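The next block holds one structure in the form of structure tokens; read it before the comments.
Every read-out reported here was derived from the displayed coordinates using simple, explicitly stated rules and does not represent laboratory data. All values derive from a computational prediction rather than experimental measurement. Cβ coordinates were reconstructed from backbone atoms using ideal geometry, including for glycine residues, and neighbour counts include every protein chain displayed.
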Amino acid sequence: MKINNLQVYGLNNAIRCSKFPMAIDTNQINESVTQTVINLGNSDIGHGHDQFITGIITQFDLTFSIKAWVEAERYHFFDFISSQSTMHRIAKFDIKSQCNEYVTENTINEANRLKNIYLNTQDKEDYLTLLYNVPTGFQLTAGMTTNYRQLKTIYTQRKQHRLPEWRHFCEWIETLPHFKELCLGGEQC
């Protein structure tokens, strides 16, 4: 798992907007993190009181294995901006360098063997054989957009996950600006 090119948008504005429900004069609200803001951000998932953290947008490039991507796509945690494509580039990838440490040498060798067959024949059936035999430990990078509310859900659901990629992703979430304070109650994880 690897993350690059992080950008966080709207943090101060979301904190400011969290104060709207109790404001009489919206010109008087500010971007300071108060105990009320912390309480709202730390409310239980699904209660709606943490809605303001939806306005804290994050964008980043995420490299995950195919196995982790299948799980990520099952939920609406992320919006995909764009991603690497096995469909377009499988015969161009260096199979070994794209695989994580859990893919065996035998599997890598077999994928390379199938790749070489396709490169020699350019046959559509050989292409499909290669494509369908890419290991689930094959890693691809995608540009993602999400927000703190979705990341809070991911964190809650995935911090003890069996796949190390999810646990590492949750550790990374903890490093986001004000995330622990606004979403984890300052929890030491």
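Helix 105-121 and the longest principal axis of the Cα set of the chain meet at an angle near 60°. Ranking of D50, D44, D61 by neighbouring Cβ atoms within 10 Å, starting from the fewest: D44, D61, D50.
Summary value for the chain: 29 percent relative contact order, contacts being C-alpha pairs under 8 angstrom separated by 6+ residues. Applying 1/(1 + (r/R0)^6) with r as the Cβ-Cβ distance of E101 and F20 and R0 = 41 angstrom yields a FRET efficiency of 0.30. Computed about the Cα centre, the dipole magnitude for the chain is approximately 80 debye when only Lys and Arg (+1) and Asp and Glu (-1) carry charge, each at its Cβ. Can you tell me how the range 1-49 classifies by the Cα gyration tensor, rounded, prolate or oblate, using a/c under 1.5 as the rounded cut? Since a/c reaches 1.5 but b/c is at least a/b, the shape of the range 1-49 is classed as oblate. Here the 3J(HN,Hα) profile of the range 13-27, calculated from phi with Karplus coefficients 6.51, -1.76 and 1.60 at θ = phi - 60°, is 5, 5, 4, 4, 5, 4, 8, 4, x, 9, 7, 9, 10, 5, 6 Hz, Gly and Pro shown as x. Binning the alpha carbon pair distances of the chain at 5 angstrom intervals from zero yields the distribution 1, 7, 15, 16, 14, 12, 9, 7, 6, 5, 3, 2, 1, 1, 0, expressed in whole percent.
Per-residue extension of 0.36 nm, minus the Cα-Cα distance of S83 and N116, leaves a gain of 9.4 nm for this segment.
Taking the number of Cβ atoms within 10 Å of each Cβ as an exposure proxy, the fewest-first ranking of T104, T146 is T104, T146.
Here the spin labels are modelled as points 7 Å beyond Cα on the Cα-Cβ line, and at T175 and I57 they lie 2.4 nm apart.
Under the combined filter of DSSP loop state and at most 16 neighbouring Cβ atoms within 10 Å, the range 54-135 retains these GluC sites (Glu not before Pro): E101. Loop-located chymotrypsin sites (Phe, Trp or Tyr not before Pro) in the range 1-62 (DSSP state not H, G, I, E or B) with no more than 12 neighbouring Cβ atoms inside 10 Å do not occur. Exposure proxy shown here: for C183, C99, C170, the number of other Cβ atoms within 10 Å sets the order, fewest to most, as C170, C99, C183. What the phi angles of the range 158-173 give under the Karplus curve with 6.51, -1.76 and 1.60, with θ = phi - 60°, is a coupling list of 10, 5, 10, 5, 5, 7, x, 4, 5, 5, 5, 4, 5, 4, 5, 3 Hz, glycine and proline written as x.
From the square roots a ≥ b ≥ c of the eigenvalues of the alpha-carbon gyration tensor of the range 100-144, which class results: rounded (a/c under 1.5), prolate (a/b over b/c), or oblate? Taking the square roots of the gyration eigenvalues as a ≥ b ≥ c, the range 100-144 is oblate.
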